Amino acid sequence: MMGHINNLLIQMVEKHHGSEGVSRLFILARIPKKHYQLEIIYPEEEFQALYAATKEIYGVEDEAAQKAFADYFMEASPVMFPAIFSVAGNARSLFEKIPTIHKQWPAAASAKQFQEKLLILESDEKRLVFKYDSPNHLCGVLRFVAKGVLDHYHEKGTVTETQCALKGAPWCEVEVRFAAS
Ligand code: HEM
């Protein structure tokens, strides 16, 4: 996982639980306290340990933790990257840019380790289908962020996970249906 996402998780814990919460996070994750570089790819196990520790600190189950992280992601991302959100101009256009954004994110030193986890299988004015295949199982984050993106652009629509790797499917698929405006 690229350091940007690890950092967002840590920033969310800091917002809700202060610097003591961040210290506890690293202790629970059994990782020496550190800062992550945004564009470097770190081992997936390291993200998973931080995520498991986050759930422990918040005292919530997976779905609630994914919702909290998605909410924080949607609070922070338009402030950090206003140009990405304004250039896209609408939800479908932003969704279509995501695989390229993810692919271009890693620094040259990390590019070889990059694994594409989020793809778009279909996209037209009525619906868009994501394919998500990741050892991190953040399909809840995907669903909630997709809904957050619709809300960001004041668009109506629905987000449904049509198959899930956690329920035995080979990968997750998430369908966004755009309501006619
Ligand atoms: C400003 C826009 C965005 C930026 C800069 C961004 C950046 C990133 C980066 C750097 C990663 C780490 C990728 C990796 O290590 O493999 C990531 C992960 C992820 N992003 Fe985005 N992203 C953006 C928008 C979105 C949107 C709109 C969605 C959903 C519709 C999304 C869904 C995800 C998911 C589900 C992951 C987790 C992948 C995993 O399982 O490891 N992202 N994002």
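Values quoted throughout were computed directly from the atomic coordinates according to the rules given, and no laboratory measurement underlies them. Source: prediction; values computed, not measured. A quick note on method: Cβ atoms are made from the backbone with ideal geometry, for glycine too, and the neighbour counts reach across all protein chains shown.
Things to note:
- Its DSSP H runs of at least 4 residues, each contributing -39,500 (n - 2.57), put the calculated 222 nm mean residue ellipticity of the chain at -17500 deg cm²/dmol, to the nearest 500.
- Pairwise label distance in nanometres, residue 35 with residue 102, each label 7 Å out on the Cα-Cβ vector: 2.8 nm
- Cα lying deepest toward the dipole's positive end in the chain, options 80, 60, 17, charges on Cβ: 80
- Amide proton proximity set for residue 127, modelled H, under 5 Å, gap of 5+: 178
- In sequence order, segment 149-160 has phi-based couplings of 5, 4, 4, 4, 8, 6, 9, 9, x, 10, 10, 9 Hz under the Karplus curve 6.51 cos²θ - 1.76 cosθ + 1.60, θ = phi - 60°, and Gly or Pro positions carry x.
- Degrees separating the helix 44-58 axis from the principal Cα axis of the chain, which is the longest one: 80 degrees
- Segment 3-59, relative contact order in percent, only Cα pairs under 8 angstrom and at least six apart counted: 47 percent
- Over all other residues within a Cβ to Cβ distance under 15 Å of residue 63, the charged ones net out to +1, with Lys and Arg as +1 and Asp and Glu as -1.
- Taking θ as phi - 60° and the Karplus parameters 6.51, -1.76 and 1.60, the scalar couplings of segment 15-24 work out to 4, 8, 10, x, 5, 5, x, 5, 4, 5 Hz in sequence order, x denoting glycine and proline.
- Label-to-label distance, residue 169 versus residue 52, with points set 7 angstrom from Cα along the beta-carbon direction: 2.6 nm.
- Under Karplus coefficients 6.51, -1.76 and 1.60, residue-wise ³J(HN,Hα) of segment 88-101 in Hz, glycine/proline x: 4, x, 8, 5, 4, 5, 5, 4, 5, 7, 4, x, 5, 4
- Rounded to the nearest 20 debye, dipole of the chain from Cβ charges on Lys, Arg, Asp, Glu: 160 debye
- Measuring nothing but how far apart in sequence close Cα pairs (under 8 Å, 6+ apart) lie, relative to its length, the chain scores a relative contact order of 18 percent.
- Gyration tensor verdict on the chain (Cα atoms; rounded if a/c is under 1.5, prolate if a/b is larger than b/c, oblate otherwise): prolate
- Close amide H contacts of residue 163 (hydrogens built in the peptide plane, cut-off under 5 Å, sequence separation of 5 or more or a different chain): 173.
- Straight-line cross-link reach from residue 126 at under 28 Å between alpha-carbon atoms covers these lysines, not counting any fewer than eight positions away in the same chain: 67, 97, 103, 117, 147, 156, 167.
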